[in-house]
1. What single numbered condition from (1) over 19 Å from the mean Cα position of the chain (by Cα); (2) more than 7 Å from every other protein chain (Cβ to nearest Cβ); (3) at pLDDT 85 or above; (4) farther than 20 Å from B:VAL110 by Cα fails to hold for A:PRO259?
2. I'd like to check which helices (runs of 4 or more DSSP H) are fully inside segment B:223-289 and have at least 3 residues that are free of Cβ contacts under 8 Å to residues at least 12 places away in the same chain and within 11 Å of another protein chain (Cβ to nearest Cβ).
3. So, B:PRO152, is that one at pLDDT below 90 and either among the hydrophobic types (A, V, I, L, M, F, W, C) or surrounded by fewer than 20 Cβ atoms within 10 Å (Cβ to Cβ) (or both) or not?
4. Would a scan of segment A:190-211 turn up a residue that is under 19 Å from the mean Cα position of the chain (by Cα), of a type in the set (Gly, Ala, Ser), under 24 Å from A:CYS112 (Cα atoms) and modelled with pLDDT under 90?
5. Which residue, of A:PHE282, A:PHE205, A:PHE232, is within 9 Å of another protein chain (Cβ to nearest Cβ) and in contact with an Asp or Glu (Cβ under 7 Å, 6 or more places away or on another chain)?
6. Could you please give the count of residues in segment B:41-76 that are outside the structural domain of B:ILE222 (by TED's automatic domain parsing), under 29 Å from A:SER172 (Cβ atoms) and not aromatic (Phe, Trp, Tyr)?
7. Kindly indicate whether A:THR204 is assigned to a helix (DSSP H, G or I), under 29 Å from B:VAL269 (Cβ atoms), touching a Ser or Thr at 6+ places or on another chain (Cβ under 7 Å) and in the same structural domain as A:PHE122 (by TED's automatic domain parsing).
8. Is it the case that segment B:145-161 has a residue that's within 27 Å of the chain's Cα centre (by Cα), under 21 Å from B:VAL277 (Cα atoms) and either of a type in the set (Phe, Trp, Tyr) or part of a helix (DSSP H, G or I) (or both)?
Amino acid sequence: MSLPVGIPQGQSVSAVKPAARPAAARRVPWRTIVLTVVALAGGLLMITPFVWALATSLKPRGALLALPPQLVPAEPTLGAYVEVIRRFPFLRVFGNSALVAVATTLGQLVICSMAGYAFARFRFWGRDALFTLYLATLMVPFAVVITPLFIIVTRLGWADTYAGLIVPGMFSAFGTFFMRQFFLSIPKELEEAATIDGAGTLGTFVRIVLPITGPALATLAVLSFMGSWNSFLWPLLIINDRDLMTLPLALSTLQGMYPGQTQWNIVMAGTVMATVPTILVFLLVQRWVIEGVAGSGVKG
Amino acid sequence: MYERGWRRYGVIALFLGPSVIGLTAFTLLPILSSLGLSFTDWDLLRPPAFVGLSNYRHLLGDPEFWRTLRNTVTFLVGYVPLVLTTGLLVAVLLNASIPFRQVFRAMYFVPVVTSWVAVALVWKWLFNPVYGLINSAIGTLGITGPAWLFDPNWAMVAVILTSVWKDTGFVMVIMLAGLQGIPREYYEAASIDGASRPQGLFHITIPLLAPTLIFCLSISLIGAFQVFDQVYVMTEGGPAGATMVLVERVVANAFSYSRMGYASAMSWVLFLLIFVVTVFFYRIRRWQP
């Protein structure tokens, strides 16, 4: 591309090839333009609710009832945010969500990868029956489990504790199944070589197997973290203490905090504060998240 | 697994022990207890009393249960075809060679990573009959929008639309993975043979995408049977019970009315429905050549 500086490319092309073969020669892909416009229109429609939430959160209370509603606030104010922070331990709630999601994810990674490895590589009596039982539990909806689980966790004294939020989520039949499938897909030769060198099973697992398990662990981590971070029903049942609330739970109480009419600017400010960090993290690790979700589908 | 003798069992216990203990305590034991509880009457105060099939008989004669079931099926019938269609269309759109594909993909996917509670709150406000953006947009066309979440005829429609918006990106990503597995040569060959683009969609894309479509259909059906978060935040089952759904009623019976046995029985009906769907799709997938 050594076009003389100062001559726009379009001009030079039309100068060389006048009107004879216009669109076809340059293959102006009208189809691409149409598809791009459609994709853009759909994409804008998808993010409109976020824009609406942001706009609402920046409005003073009086502007909420303006008709027609303003998508760009006339007199933006941070008043609603100040109010959320004043009335609610938002940083604390944020920390709770992060702690619970990280702990749950780490627990699942360790426990599921070890159990998955056992199912993939060990031979022992009853293995296949046990694995079938794992698969069978996958079909059971959470609604079946929830009543007795609540009673068990309460009896353990874990109501209103971090343990109650974290521990039941650390064990996943799906995660075990997922890791087993991965281990079955990698060749045994490396492990056998390590054994000949005298390494034990645990040493082989940690030093030889785990280092090549990265992609599967990343997928499981993404799914586990997203599940825990957005989990609502379980924290709703097990947590009453405001200091232990996770983000979704805290958000849901925001709408009931104001007797009578819900103050939507305050609710939306809370929603924006809860959502923006999630979206930023997603944009940073987008590739992993999307591959993780797609991977769960392909393997399922 | 190369250890011998008792060490062998030690290694098995080390790898499998935590998982087996945890899943027994927090999944298997609750499943069995729930099945047992469904044959009892228990209000958490007195010990459970065995009542046989009474809870199940009561369910079958309870108009609220049938209403709940009908609402759940209404949700499913509206949500599943819509979300599969939008997900497939967006996937086909973003599989074409257009600029900024990554940016578009992110735009469609953002609702998936957002928590249901946040989404439900935003849409509740969007659906506000007077001050919400949706009715205001409809109003510019000269039509008065419905009262949405306040109208028994429209509340479920609003819940369905919200759910479709949230899950389109999820279906899109799985469909995109499936689409990328179809070799481009097939389309080139078809186009040389004079096939149009819509013909390509129906004769190449959809047949080759069938396993992916079936997978998406089965997980969206199973998910739809268990719809809860959005209903709880947006309507709490209202107005006038128009959005009462199975999981929401299980939770309400167990934790608001302390009818543990009845709630358990209801949850086993839900399991039965999911079981039938799962077995059906398992057969379909095995039946495929």
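1. (3)
2. B:260-287
3. Numbers: at pLDDT below 90: no; either among the hydrophobic types (A, V, I, L, M, F, W, C) or surrounded by fewer than 20 Cβ atoms within 10 Å (Cβ to Cβ) (or both): yes.
So B:PRO152 does not fit the description; no.
4. Taking segment A:190-211 as the starting set, the residues that turn out to be under 19 Å from the mean Cα position of the chain (by Cα) are none.
So far as segment A:190-211 goes, no, none of its residues is under 19 Å from the mean Cα position of the chain (by Cα), of a type in the set (Gly, Ala, Ser), under 24 Å from A:CYS112 (Cα atoms) and modelled with pLDDT under 90.
5. Numbers: A:PHE282 fails: in contact with an Asp or Glu (Cβ under 7 Å, 6 or more places away or on another chain); A:PHE205 fails: in contact with an Asp or Glu (Cβ under 7 Å, 6 or more places away or on another chain).
Residue meeting the stated conditions: A:PHE232.
6. 1
7. Numbers: assigned to a helix (DSSP H, G or I): yes; under 29 Å from B:VAL269 (Cβ atoms): no; touching a Ser or Thr at 6+ places or on another chain (Cβ under 7 Å): yes; in the same structural domain as A:PHE122 (by TED's automatic domain parsing): yes.
The answer is no for A:THR204.
8. The first filter runs over segment B:145-161 and keeps only residues within 27 Å of the chain's Cα centre (by Cα), leaving B:146-161.
With under 21 Å from B:VAL277 (Cα atoms) added as a condition, the list becomes B:160.
Adding the requirement that they be either of a type in the set (Phe, Trp, Tyr) or part of a helix (DSSP H, G or I) (or both) leaves B:160.
Checking segment B:145-161: at least one residue is within 27 Å of the chain's Cα centre (by Cα), under 21 Å from B:VAL277 (Cα atoms) and either of a type in the set (Phe, Trp, Tyr) or part of a helix (DSSP H, G or I) (or both).
The values are calculated or read from the model by the stated rules, or taken from the named source; none is laboratory data. Values in this document were obtained by computation on a predicted structure and should not be read as measured data. Heads up, the Cβs are rebuilt from the backbone with ideal geometry, glycines too, and the neighbour counts pull from every protein chain shown.
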